[in-house]
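Okay, so here's the structure we're looking at.
The values are calculated or read from the model by the stated rules, or taken from the named source; none is laboratory data. Remember, it's a predicted structure, so these values are computed and weren't measured experimentally. Neighbour counts are summed over all protein chains in view; Cβ atoms, including those assigned to glycine, are modelled from backbone coordinates with ideal geometry.
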């Protein structure tokens with residue numbers, strides 16, 4: 001026996017309710033687990049499991065204090081590797097970085113959130129600046145005196161600041177020193193920040209390798 005059709009208004013109401021239920025379940029989905037890696041258990045010469053090269057060549061190498069992820073000195077492109085869980089919304093990424101200059105040639109490097117088009121903290125020694133970058137375009141820059149040939153700590157965070165408003169903050173400080181209370185650079189962003197994995201970036205303009213260590217991402 002054929003069932004009678006639902007009235008159009010009732011059918012529309014049920015469809016809307018189902019859509020709202022799906023959206024609500026997605027919004028309440030728990031944040032991914034934090035991720036961290038110091039590379040001590042990784043095999044030398046390997047790219048650790050779960051990491052994906054976007055460009056350039058990255059592999060675990062020896063350092064004075066153990067192991068680190070090393071970016072090769074070639075090619076002279078914007079090299080990058082993705083790591084950790086895909087994150088939608090607030091998160092903090094951090095890493096220690098050791099890079100070198102060669103005479104008047106300087107590297108460029110940084111960390112990012114929400115995939116290759118998300119926000120990125122970039123250290124640009126040739127300009128004496130820190131930059132916040134989104135979709136490959138700088139959105140803000142501040143002066144910064146880079147201490148060459150020494151480990152520094154990079155930290156980038158994106159946090160909700162109201163409906164469709166996000167607070168982007170970054171800090172840079174020498175490894176071994178106290179974390180700064182105030183951000184080194186900050187920006188207010190309207191609209192969603194994006195979705196994707198955390199990232200490490202580098203361009204070896206100095207013709208020398210760069211090393212990344214103690215990387216982590218903490219989703220909100």
Consider the range 164-176. How many of its residues are farther than 16 Å from residue 95 by Cα, under 17 Å from the mean Cα position of the chain (by Cα) and touching a residue at least 24 places away in the same chain (Cβ under 8 Å)? 2
Quick check on this structure: which one of 142, 158 is surrounded by fewer than 16 Cβ atoms within 10 Å (Cβ to Cβ) and assigned to a strand (DSSP E or B)? 142
Name every residue in the range 83-108 that is crowded, with 16+ Cβ neighbours inside 10 Å and within 19 Å of residue 220 (Cα to Cα), in order of residue number. 83, 84, 85, 87, 88, 89, 90, 91, 92, 93, 94, 95
Would you call residue 166 closer than 30 Å to residue 104 by Cβ, surrounded by 14 or more Cβ atoms within 10 Å (Cβ to Cβ), in contact with a strand residue (DSSP E or B) (Cβ under 8 Å, 6 or more places away or on another chain) and at pLDDT 95 or above? no
Output the qualifying pairs, or none if there are none: Cβ atoms under 6 angstrom, residues six or more apart or on different chains, first residue in the range 177-191 and closer than 21 Å to residue 139 by Cβ, second residue assigned to a loop (DSSP other than H, G, I, E, B). 191/164
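Going by the structure shown, is residue 10 at pLDDT below 90, loosely packed, with under 12 Cβ neighbours inside 10 Å and either assigned to a strand (DSSP E or B) or in contact with a helix residue (DSSP H, G or I) (Cβ under 8 Å, 6 or more places away or on another chain) (or both)? Step through it out loud before you land on a result.
Values: at pLDDT below 90: yes; loosely packed, with under 12 Cβ neighbours inside 10 Å: yes; either assigned to a strand (DSSP E or B) or in contact with a helix residue (DSSP H, G or I) (Cβ under 8 Å, 6 or more places away or on another chain) (or both): no.
Considered against the rule, which asks whether it is at pLDDT below 90, loosely packed, with under 12 Cβ neighbours inside 10 Å and either assigned to a strand (DSSP E or B) or in contact with a helix residue (DSSP H, G or I) (Cβ under 8 Å, 6 or more places away or on another chain) (or both), residue 10 comes out as no.
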List every residue pair whose Cβ atoms sit under 9 Å apart, with the two residues 6 or more apart in sequence or on different chains, where the first one lies in the range 124-149 and is at positive phi and at pLDDT 95 or above and the second, anywhere, is outside any strand (DSSP E or B) and surrounded by fewer than 16 Cβ atoms within 10 Å (Cβ to Cβ). 128/145
Of 78, 64, 33, the only residue that is in contact (Cβ under 8 Å) with a residue 12 or more places away in the chain and either more than 17 Å from the chain's Cα centre (by Cα) or closer than 18 Å to residue 201 by Cβ (or both) is 78
